[in-house]
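Chemist: The structure under discussion is supplied below as structure tokens; questions concerning it will follow.
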Amino acid sequence: MTTLPRILSIVSLLLVWLLLSTIFPPTIVPGPVAVVKAMAENLASGKAFFHLYKTLLRVGFGLILTMILGIATGTLMGLSRKGELFLDSWVMVGLTVPAIVNSIICLLWFGLNDTAAIVAIGSAAFPAVSISIWQGIKGIDTQLVGMGQAFHLDRIAIVRKIIFPQLLPHILASMRYALGICWKICTTVELIGMSSGVGYQLNYWFGLFSMAQVFAWTLLFLLVMFAIEYLLFKPLEKRLTRWRTAVPALQWAQ
Amino acid sequence: MAYRSSGIAVGSITLRNVAKQHSMPGGHSLRVLDDISFEAADRSFTSILGPSGCGKSTILNLIAGLDRQSSGQIAVDGNRIGFVFQQPRLLNWRTVAQNVILPLEQQKFDKNDLRSLAGKYLALVGLSGHEDYYPLQLSGGMQQRVAIARALAIDPDILLMDEPFSGLDEITARKLRQELLRIWQETGKTILFVTHSISESVFLSQQILIVSAKPARIFKRVAVDLPYPREYGDMRLFEIETQLTRDFLGMGQDA
């Protein structure tokens with residue numbers, strides 16, 4: 001029974017929105033009907049697809065950069081004490097500097113283009129992944145590695161069959177988390193320096209004080225993110241962690 | 001280590017004056033093993049009996065080539081060595097069958113052959129029909145059976161077992177001991193079995209090496225000349241056990 005709570009949760013969100021929209025005027029909280037109508041118009045004109053495409057492109061490549069940087073630094077920190085000491089302050093700086101600083105610096109360095117957005121996203125989001133991978137490597141069961149050695153598995157087989165599967169849950173969890181961060185940073189970059197994308201549209205309609213459009217663009221992106229979550233991440237995670245969910249005792253504990 | 005594709009099973013182990021020390025910070029060295037010499041003949045069942053943490057496992061690691069001795073010689077006749085650990089050490093994300101064939105995947109085997117090999121060895125340990133279960137769905141005893149099937153699947157000449165039943169409840173452990181003896185007689189492996197349980201070593205082995213602690217040294221060799229299958233509650237086993245217990249306590253006073 002996992003679908004019912006999910007449906008209830010979404011229905012309750014909609015109800016709260018509906019309730020607020022009846023209390024406040026549409027310039028403060030526009031109702032679901034007006035917002036969906038504005039969103040449909042944006043989609044019908046074709047304009048929404050272009051901006052959505054631009055944002056998803058930046059978020060997508062930003063996420064790839066984030067994962068590459070995060071996995072590389074996290075692995076180095078997890079495997080080598082020197083690497084840990086060396087990269088520790090990098091990660092601390094990365095975690096502490098507000099993402100808007102990365103955005104401003106990248107826009108000044110690379111100009112008002114996609115590269116700036118992607119580098120800003122990657123540099124601001126990777127420390128969260130580093131830490132997750134670092135913890136994951138620290139938590140690797142070395143007894144299993146010993147088992148692999150006792151059965152004469154070669155190094156590649158040990159990494160691929162024994163170490164990587166133990167890191168996979170950490171990689172997946174950090175990727176989902178990183179996707180959220182990447183999207184937030186992308187909107188910031190688009191808001192301050194781009195002439196396309198969802199963030200740009202939000203800024204544009206903010207300038208015109210059109211609350212319905214601000215809501216419409218937010219809703220559109222929410223729907224896209226939900227689709228990614230439920231059509232990509234959830235099934236992927238379910239498939240990769242079958243062995244864990246197959247246990248009746250654990251199901252009971254949830 | 002190369003696996004032989006065919007041949008007569010020969011699995012004897014000979015240790016001559018094997019010693020092992022770890023160098024510690026500050027120039028000290030910690031002696032783990034001291035002058036260990038013994039021989040385990042082909043198809044024999046030998047137990048190494050000693051208190052916990054005395055370095056018994058180190059002997060197995062040296063024989064398996066996971067560690068190197070500081071001095072002395074180790075001769076292993078027989079190429080393949082199967083290893084069963086105290087914990088099952090299964091890969092929880094793989095099914096039971098996939099766990100059993102893990103050590104075989106590097107060799108050029110047909111997929112269907114691997115599958116039938118897994119079935120064969122799971123049947124040998126009494127787990128037919130459990131091929132597609134995941135380890136976490138099985139009890140501790142069943143997981144240890146899978147680990148034994150994995151060790152047997154490489155068709156080893158020698159089976160090294162490091163306190164494999166010490167994490168199980170006594171009823172399960174008894175059942176598994178009896179089955180291990182059946183498997184041993186069916187397959188003709190040379191088994192070297194590490195344990196801290198006197199009754200377990202007496203029930204299982206033909207030869208028992210009592211090892212003292214820190215550094216591990218062979219304190220006494222005992223031959224158990226009783227036929228198989230053996231029964232729990234056999235008075236002859238009990239007498240040997242009583243004698244060994246006395247030896248064990250005497251060893252404690254010497255140390």
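Chemist: How do the pairs read when you match residues in region A:27-39 that are closer than 19 Å to residue A:50 by Cα and of a type outside the set (Gly, Ala, Ser) with residues anywhere that are modelled with pLDDT of 90 or more and open to solvent by 20 Å² or more (accessible area, probe 1.4 Å), using Cβ under 7 Å and keeping only pairs 6 or more apart or on different chains?
Modeler: A:39/A:219
Chemist: Based on what the data block shows, is residue B:178 in contact (Cβ under 8 Å) with a residue 12 or more places away in the chain, farther than 17 Å from residue B:48 by Cα, assigned to a helix (DSSP H, G or I) and within 14 Å of another protein chain (Cβ to nearest Cβ)?
Modeler: no
Chemist: Then there is this: Which residues, counting only those in region B:75-87, are open to solvent by 20 Å² or more (accessible area, probe 1.4 Å) and part of a loop (DSSP other than H, G, I, E, B)?
Modeler: Looking only at region B:75-87, we keep the residues that are open to solvent by 20 Å² or more (accessible area, probe 1.4 Å), and these are B:75-77, B:79-80, B:86-87.
Once the filter is applied, which keeps residues that are open to solvent by 20 Å² or more (accessible area, probe 1.4 Å) and part of a loop (DSSP other than H, G, I, E, B), region B:75-87 yields B:79, B:80, B:86, B:87.
Chemist: Related question: Among all residue pairs at least 6 apart or on different chains, which show Cβ distances below 7 Å where the first residue, located in region A:226-246, is farther than 25 Å from residue B:96 by Cβ and the second is open to solvent by 40 Å² or more (accessible area, probe 1.4 Å) and not aromatic (Phe, Trp, Tyr)?
Modeler: Going by the 7 Å Cβ cut-off, the qualifying pairs are A:233/A:176.
Chemist: Next up: Taking region B:136-172, which residues are away from chain A (no Cβ under 14 Å) and among the hydroxyl-bearing types (Ser, Thr, Tyr)?
Modeler: Selection gives B:166, B:172.
Chemist: Also: I need the full set of residues from region B:124-135 which are over 18 Å from residue B:183 (Cβ atoms) and either buried (at least 17 other Cβ atoms within 10 Å of the Cβ) or away from every other protein chain (no Cβ under 11 Å) (or both), in order please. Quick ask: steps written out before the conclusion?
Modeler: Taking region B:124-135 as the starting set, the residues that turn out to be over 18 Å from residue B:183 (Cβ atoms) are B:129, B:131-135.
Scanning region B:124-135 gives B:129, B:131, B:133, B:134, B:135.
Chemist: Do the conditions hold for residue A:169, that is, is it modelled with pLDDT of 90 or more and out of contact with any helix residue (DSSP H, G or I) (no Cβ under 7 Å at 6 or more places or on another chain)? Full working, then the answer.
Modeler: Values: modelled with pLDDT of 90 or more: no; out of contact with any helix residue (DSSP H, G or I) (no Cβ under 7 Å at 6 or more places or on another chain): yes.
It is false that residue A:169 is modelled with pLDDT of 90 or more and out of contact with any helix residue (DSSP H, G or I) (no Cβ under 7 Å at 6 or more places or on another chain).
Chemist: Identify all residues within region A:194-216 that are touching a residue at least 40 places away in the same chain (Cβ under 8 Å), over 19 Å from residue A:60 (Cβ atoms) and in a helix (DSSP H, G or I); write none if there are none.
Modeler: A:211, A:212, A:213, A:215, A:216 - these are the residues of region A:194-216 that are touching a residue at least 40 places away in the same chain (Cβ under 8 Å), over 19 Å from residue A:60 (Cβ atoms) and in a helix (DSSP H, G or I).
Chemist: Can you tell me which of (1) within 14 Å of chain A (Cβ to nearest Cβ); (2) touching a Leu at 6+ places or on another chain (Cβ under 9 Å); (3) buried (at least 19 other Cβ atoms within 10 Å of the Cβ) is the one residue B:106 doesn't meet?
Modeler: It fails just one condition, (3).
Chemist: Being under 18 Å from the mean Cα position of the chain (by Cα), at pLDDT 90 or above and part of a helix (DSSP H, G or I) is the requirement here; does residue B:63 meet it?
Modeler: Details: under 18 Å from the mean Cα position of the chain (by Cα): yes; at pLDDT 90 or above: yes; part of a helix (DSSP H, G or I): yes.
The answer is yes for residue B:63.
Chemist: Mind listing whichever residues of region A:89-111 are over 16 Å from the mean Cα position of the chain (by Cα) and surrounded by 14 or more Cβ atoms within 10 Å (Cβ to Cβ)?
Modeler: Our first condition is that a residue be over 16 Å from the mean Cα position of the chain (by Cα); within region A:89-111, this holds for A:89-94, A:96-98, A:100-111.
Matches in region A:89-111: A:90, A:91, A:94, A:97, A:100, A:102, A:103, A:104, A:105, A:106, A:107, A:110.
The values are calculated or read from the model by the stated rules, or taken from the named source; none is laboratory data. Source: prediction; values computed, not measured. Cβ sites come from the backbone with ideal geometry, for glycine too, and all protein chains shown count toward neighbours. What goes into the accessible areas is simple: the full protein's heavy atoms, side chains included, and nothing from ligands, DNA or RNA. Shrake-Rupley method; radii C 1.70, N 1.55, O 1.52, S 1.80 Å.
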